[in-house]
Amino acid sequence: MASNLDTLVTVFGGSGFLGRSVVRALAKRDYRIRVAVRRPELAGHLQPLGRVGQIHSVQANLRYPASVAAAMRDSHVAINLVGILAEGGPQTFDAVQARGAGAIAAAANAAGARVVHVSAIGADENSLAGYARAKAAGEKAVLSAVPTATILRPSVVFGPEDQFTNRFAALATVSPVLPLIGGGVTKLQPVYVGDVATAVADAVDGKTRPGATYELGGPEVLTMREVIELILATIERRRMLASLPFGLAKLQALVLQFAPGPLKLTPDQVALLRYDNVVSETAKAAGLTLQGLGIVPDSLEAIAPQYLWRFRRTGQFAHKGE
């Protein structure tokens with residue numbers, strides 16, 4: 001029986017938030033890992049996740065198919081984790097999440113490699129959000145090149161380095177008011193980054209159905225208001241929550257898309273919040289979920305205190321929750 005040490009897995013986007021957890025999960029299962037990123041010199045933090053020589057980084061830019069093909073050389077599995085939350089310069093949704101995904105799948109097909117493609121719940125070619133349309137186009141391109149590819153669609157992913165819970169926690173440290181776009185009624189199913197990484201590793205192990213699309217969500221469906229209230233309770237701060245209609249939020253986003261840090265808000269992100277982001281009943285019925293893979297998901301309430309504690313106020317007023 002072949003050992004996982006004989007299997008080379010190329011992880012595109014392996015140095016990012018989800019990538020770190022995926023590389024760690026693969027390393028624990030003894031795979032050889034090639035991390036394909038735009039700046040390999042910035043991926044050194046991944047080396048301690050495996051044994052000496054188990055993980056190495058190479059340069060690849062999804063906008064240049066030749067570099068993608070070079071990164072796939074002699075690889076047995078390709079994992080695509082590349083995604084952007086906001087466009088900037090040549091890094092557009094279509095370039096990265098649609099054409100880039102297609103380039104990876106084409107290179108994998110040429111190399112005879114399997115593909116695990118991480119997309120997102122809400123991927124829809126008819127969405128008002130460019131992010132979701134590009135995700136749908138990426139899925140289509142991947143399955144066109146490699147019909148047996150596994151598609152994984154997580155809901156909003158949370159964890160120590162996320163740009164979700166950390167963003168709202170940081171915003172709560174500088175603003176007395178937090179906006180609830182669209183009234184905060186949008187439903188989410190936050191999923192822990194470690195659980196998504198386990199699902200990716202399971203797909204590499206061959207535990208997923210060829211050509212199937214899995215939807216990955218946490219154990220609870222929460223409204224945006226409930227998520228923010230949970231974050232505030234975790235960091236022990238009291239803040240006013242103000243409803244912000246979608247129209248007004250879109251106008252504000254025209255300015256805030258240029259803001260730094262947690263203040264940044266793009267019109268596309270506002271559009272995304274018009275849609276619930278939860279696992280479908282169809283996926284549940286078909287067993288195309290974390291639970292269907294035998295993974296018991298961790299809740300936001302259980303995990304968030306392990307890393308959001310640093311946003312808690314210290315000092316004499318801490319007990320007041322200010």
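The values are calculated or read from the model by the stated rules, or taken from the named source; none is laboratory data. All figures in this text were calculated on a predicted structure; none of them were measured in a lab. All Cβ positions, glycine included, derive from the backbone under ideal geometry; neighbour counts span all protein chains shown. Remember, those area values only see protein heavy atoms, side chains included, never the ligands or the DNA or RNA. Shrake-Rupley method; radii C 1.70, N 1.55, O 1.52, S 1.80 Å.
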**Request:** Quick one: which residues, 5+ away or cross-chain, put their amide H under 5 Å from the amide H of Leu188? H built at 1.01 Å from N.
**Result:** Leu222, Thr223, Met224, Asn277
**Message:** From the protein chains alone at 1.4 Å, what is the descending order of accessible area for Lys207, Lys28, largest first?
**Reply:** Lys28, Lys207
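Quick one: how many lysine pairs does the chain have with C-alpha atoms less than 18 Å apart and a gap of 8 or more or different chains? Give me the count, please. Intermediate results must be reported in sequence, preceding the final value.
Working: Lys28/Lys207; Lys187/Lys284; Lys207/Lys284; Lys250/Lys264.
For the chain, the number of qualifying lysine pairs is 4.
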**Complete:** For Arg153, other-chain or 5+-apart residues with amide H closer than 5 Å (H placed, Pro excluded) are Ser119, Tyr214, Glu215, Leu216
**Label-point gap, in nm, between Met240 and Gln257 - each point 7 angstrom along Cα→Cβ** = 2.9
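Given Cα pairs under 8 Å that are at least 6 residues apart, what percent is the relative contact order of the chain? Each step should come with its number before you reach the end.
Values: 653 pairs, mean separation 52.0, N = 322.
Taking the mean separation of contacting Cα pairs over the length of the chain, I get 16 percent.
What translational diffusion coefficient, in µm²/s and rounded to a whole number, does the Stokes-Einstein relation yield for region 182-231 at 37 °C and a viscosity of 0.692 mPa s, taking the hydrodynamic radius as the Kirkwood radius over Cα pairs?
Details: Rh = 12.6 Å.
It diffuses with D of about 260 µm²/s by this estimate.
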**Prompt:** Taking θ as phi - 60°, what are the ³J(HN,Hα) couplings along region 52-61 by the Karplus curve (6.51, -1.76, 1.60), each to the nearest whole Hz, with x for Gly and Pro?
**Reply:** 4, x, 6, 10, 9, 10, 9, 8, 7, 10
**Fill in**
For Thr223 and Ala286, extending 7 Å from Cα along the Cα-Cβ vector and measuring point to point gives, in nm, a value of 3.1
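Report, in debye and to the nearest 20, how large the dipole of the chain comes out about its Cα centre when Lys and Arg carry +1 and Asp and Glu carry -1 on their Cβ. If you can, show how the numbers build up before the last one.
Working: 33 positive and 25 negative charges, 116 e Å.
Approximately 560 debye in magnitude.
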**Fill in**
Checked against the positive end of the charge dipole of the chain (+1 on Cβ of Lys and Arg, -1 on Cβ of Asp and Glu, about the Cα centre), the farthest of Ala233, Tyr214, Leu290 is Ala233
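Over the chain, with the other protein chains present, what is the accessible area per residue in square angstrom, probe 1.4 angstrom? Can you show the working numbers first?
Details: 14700 Å² over 322 residues.
Accessible surface, normalised per residue, equals 46 Å².
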**Request:** Have a look at Gly122, Ala60, Ala132 and report the one farthest towards the positive end of the charge dipole of the chain, computed about the Cα centre with Cβ charges (Lys/Arg +1, Asp/Glu -1).
**Result:** Ala60
**Prompt:** Can you give the FRET efficiency for Asn126 and Ala302, using 1/(1 + (r/R0)^6), R0 = 45 Å, r = Cβ-Cβ distance, to the nearest 0.05?
**Reply:** 0.80
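Could you please tell me the mean projected area of the C-alpha convex hull for region 152-256, averaged over all directions and given in square nanometres to one decimal?
Result: 8.2 nm².
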**Request:** Calculate how steeply helix 224-235 sits against the longest principal axis of the alpha-carbon atoms of the chain, using the helix alpha-carbon long axis, and give the answer as 0 to 90 degrees to the nearest 10.
**Result:** 80
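At 222 nm, what helix-only mean residue ellipticity would the chain give, in deg cm²/dmol to the nearest 500, using -39500 (n - 2.57) for each DSSP H run of four or more?
On the way: 12 runs with 113 residues, N = 322.
After summing the helix terms and dividing by the residues of the chain, the value is -10000 deg cm²/dmol.
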**Spacing of the two label points (7 Å from each Cα toward its C-beta) at Leu5 and Ser175, in nm** = 5.2
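Treating only the Cβ of Lys, Arg, Asp and Glu as charged (+1, +1, -1, -1), what charge dipole size does region 207-247 show about its Cα centre? Round to the nearest 20 debye.
Values: 6 positive and 5 negative charges, 21 e Å.
With only Lys, Arg, Asp and Glu charged at Cβ, the dipole is about 100 debye.
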**Asked** Round to a whole number: what % of the accessible area of region 69-219 belongs to carbon and sulfur, probe 1.4 Å?
**Response** 52
**Message:** Using each residue's phi in region 256-270, evaluate 6.51 cos²θ - 1.76 cosθ + 1.60 at θ = phi - 60° and report the 3J(HN,Hα) Karplus result to the nearest Hz, with x for Gly and Pro.
**Reply:** 6, 5, 9, 7, x, x, x, 7, 5, 8, 9, x, 5, 5, 5
**Request:** List the residues whose amide H sits under 5 Å from the amide H of Ala36, counting only those 5 or more places along or on another chain, with H placed 1.01 Å from N in the peptide plane.
**Result:** Val11, Phe12, Gly13, Gly14, Val58
**Request:** Treating the angle as unsigned and between 0 and 90°, give the value, to the nearest 10°, between the Cα long axis of helix 130-145 and the longest Cα principal axis of the chain.
**Result:** 20
**Complete:** Highest mean packing first, using Cβ neighbours within 10 angstrom, the peptides 43-53, 73-83, 276-286, 164-174 sort as 73-83, 164-174, 276-286, 43-53
**Prompt:** Relative to the Cα centre, what is the charge dipole magnitude of region 90-226, using +1 at the beta carbon of each Lys and Arg, -1 at the beta carbon of each Asp and Glu, and rounding to the nearest 20 debye?
**Reply:** 260
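Express in nm, to one decimal, how much length is gained between Arg29 and Gln163 on full extension, taking 0.36 nm for each residue of separation and deducting their alpha carbon distance. Walk me through the numbers on the way to the answer.
Values: separation 134, 0.36 × 134 = 48.24 nm, distance 2.76 nm.
The span from Arg29 to Gln163 would gain 45.5 nm if fully extended.
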**region 228-282: C-alpha gyration tensor shape, a/c 1.5 cut-off, then a/b vs b/c** = oblate
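What FRET efficiency comes out for the pair Ala70/Arg209, r = Cβ-Cβ distance, R0 = 35 Å, nearest 0.05?
Plugging the Cβ-Cβ distance into 1/(1 + (r/R0)^6) gives 0.70.
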**In order through region 24-39: 3J(HN,Hα) via Karplus (6.51 cos²θ - 1.76 cosθ + 1.60), integer Hz, x for Gly, Pro** = 4, 5, 5, 4, 5, 9, 6, 6, 7, 10, 10, 9, 9, 9, 6, 10
**Prompt:** Taking the alpha-carbon centroid of each part, what is the distance from region 143-185 to region 44-70 in angstrom?
**Reply:** 25
